[in-house]
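Working notes, structure below.
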Amino acid sequence: MDLLRAVVLGIVQGLTEFLPVSSSGHLILIPALFNWPDQGLTFDVGLHLGTLTALLVYFWRDWWNMARSALADVARYGPKVKDHCQQSQLLWLIALGSVPAGVAGLLLENWVEENVRQPWLVAVMLACVGVVMLVADRRARLERTVASVGVLDAVLIGLAQACALVPGVSRSGATITVGLMRGLTRGDAARFAFLLGTPAFAGAALLKAPDLAEANGQLPELALGFATSALVGLAAIHFLLRLLRTRDLVPFVVYRFAVAALALAIGAVRVA
């Protein structure tokens, strides 16, 4: 792999992991579009470590406050979570919401990697989830904040995150959409989605870390892809959170439809 390709894939990962347009789908579509060979699992792990780093850097203060509050509340109240402060309860809700994705990842990830990475399926999922996003965005009440998230919210948004194993769904797209369905504001739906996604990223990175031992001569490309995805990811998180304070999800829905149509058209031409 050359360095330019590493940068391109790092940019794609950093942008599409956090914007609601599906990073896994784009990492399938971009190589297919340019007739590049598959970059391999090792390089994908490096890209995902970059976006995990972006999440941890951007939200470090949130995690610090939640962890500190949880430790204090456990020491004071023990397992009586209802007596814990809002920051502590949010940490437990994130842990609860992470369970569906963790279970689905352990049981289904290999099957998904082997059976549902076709560009045409990515295109179909981009379009279908785009429709759901549009309906949810149009009907959103936009009344609630992260502070109001409860057990049912965490479970439902966690189930949506598990669905993102299928390329084309989008982790942020699915979780933000369900957050809107539950009445969260767009900004708070995105914020909770990013916090909820952090344990899933960390768990996946830990499971796949041994694959980095197979990097062999790819270290310069891995380092460049990692750094690019981390820096672009930081910018994408900041951009989306600011954007959703005043704008809706329609531009991302339109983009999903456009990419789906392009992917299907290219596939049809190549088959013909």
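The values are calculated or read from the model by the stated rules, or taken from the named source; none is laboratory data. Because the structure is a prediction, the values reported are computed rather than measured. Don't worry about glycine lacking a Cβ; one is built from the backbone with ideal geometry, like all the others, and counts go over all protein chains shown.
For the range 82-101, give me each residue that is among the hydrophobic types (A, V, I, L, M, F, W, C) and assigned to a helix (DSSP H, G or I). First the steps, then the outcome.
Initially, the range 82-101 is screened for residues among the hydrophobic types (A, V, I, L, M, F, W, C), giving 85, 90-96, 99, 101.
Hits for the range 82-101 are Leu90, Leu91, Trp92, Leu93, Ile94, Ala95, Leu96, Val99, Ala101.
Residue by residue through the range 102-157, note down the ones that are assigned to a helix (DSSP H, G or I), over 16 Å from Val169 (Cα atoms) and of a type in the set (Val, Ile, Thr).
Within the range 102-157, Val103, Val146, Val151, Val155 qualify.
Within the range 49-59, can one find any residue that is surrounded by fewer than 24 Cβ atoms within 10 Å (Cβ to Cβ) and farther than 22 Å from Leu224 by Cα?
Yes, the conditions are met somewhere in the range 49-59.
When you scan the range 22-68, how many residues do you find that are more than 20 Å from the chain's Cα centre (by Cα), among the small types (Gly, Ala, Ser) and more than 23 Å from Cys163 (Cβ to Cβ)?
Of the residues in the range 22-68, 1 are more than 20 Å from the chain's Cα centre (by Cα), among the small types (Gly, Ala, Ser) and more than 23 Å from Cys163 (Cβ to Cβ).
Could you tell me which residue of the range 82-100 is nearest to the chain's Cα centre (by Cα), considering only residues that are surrounded by fewer than 16 Cβ atoms within 10 Å (Cβ to Cβ) and either over 19 Å from Val178 (Cα atoms) or free of Cβ contacts under 8 Å to residues at least 24 places away in the same chain (or both)?
Gln86
Is it true that some residue in the range 17-38 is without any contact (Cβ under 8 Å) to a residue 24 or more places away in the chain, hydroxyl-bearing (Ser, Thr, Tyr) and either surrounded by 16 or more Cβ atoms within 10 Å (Cβ to Cβ) or farther than 24 Å from Leu244 by Cα (or both)?
No, there is no match, as no residue in the range 17-38 is without any contact (Cβ under 8 Å) to a residue 24 or more places away in the chain, hydroxyl-bearing (Ser, Thr, Tyr) and either surrounded by 16 or more Cβ atoms within 10 Å (Cβ to Cβ) or farther than 24 Å from Leu244 by Cα (or both).
Six or more apart or on different chains, Cβ atoms under 7 Å: show the pairs whose first residue is in the range 1-16 and farther than 9 Å from Gly225 by Cβ and in contact (Cβ under 8 Å) with a residue 24 or more places away in the chain and whose second is of a type in the set (S, T, N, Q) and surrounded by fewer than 24 Cβ atoms within 10 Å (Cβ to Cβ).
As it stands, the answer is Ile11/Thr228; Gly14/Thr228, since those pairs meet every condition given.
Looking at this structure, is Asp62 surrounded by 17 or more Cβ atoms within 10 Å (Cβ to Cβ), modelled with pLDDT of 85 or more and out of contact with any helix residue (DSSP H, G or I) (no Cβ under 6 Å at 6 or more places or on another chain)?
Numbers: surrounded by 17 or more Cβ atoms within 10 Å (Cβ to Cβ): yes; modelled with pLDDT of 85 or more: yes; out of contact with any helix residue (DSSP H, G or I) (no Cβ under 6 Å at 6 or more places or on another chain): yes.
When the stated conditions are applied, Asp62 passes them.
Give Leu212, Leu195 a once-over and let me know the one that is buried (at least 16 other Cβ atoms within 10 Å of the Cβ), closer than 23 Å to Leu165 by Cα and modelled with pLDDT of 80 or more.
Sole residue among the options that is buried (at least 16 other Cβ atoms within 10 Å of the Cβ), closer than 23 Å to Leu165 by Cα and modelled with pLDDT of 80 or more: Leu195.
Within the range 107-116, count every residue that is touching a residue at least 12 places away in the same chain (Cβ under 8 Å) and either in contact with an Asp or Glu (Cβ under 9 Å, 6 or more places away or on another chain) or of a type outside the set (D, E, K, R) (or both).
Counting residues in the range 107-116 that are touching a residue at least 12 places away in the same chain (Cβ under 8 Å) and either in contact with an Asp or Glu (Cβ under 9 Å, 6 or more places away or on another chain) or of a type outside the set (D, E, K, R) (or both) gives 3.
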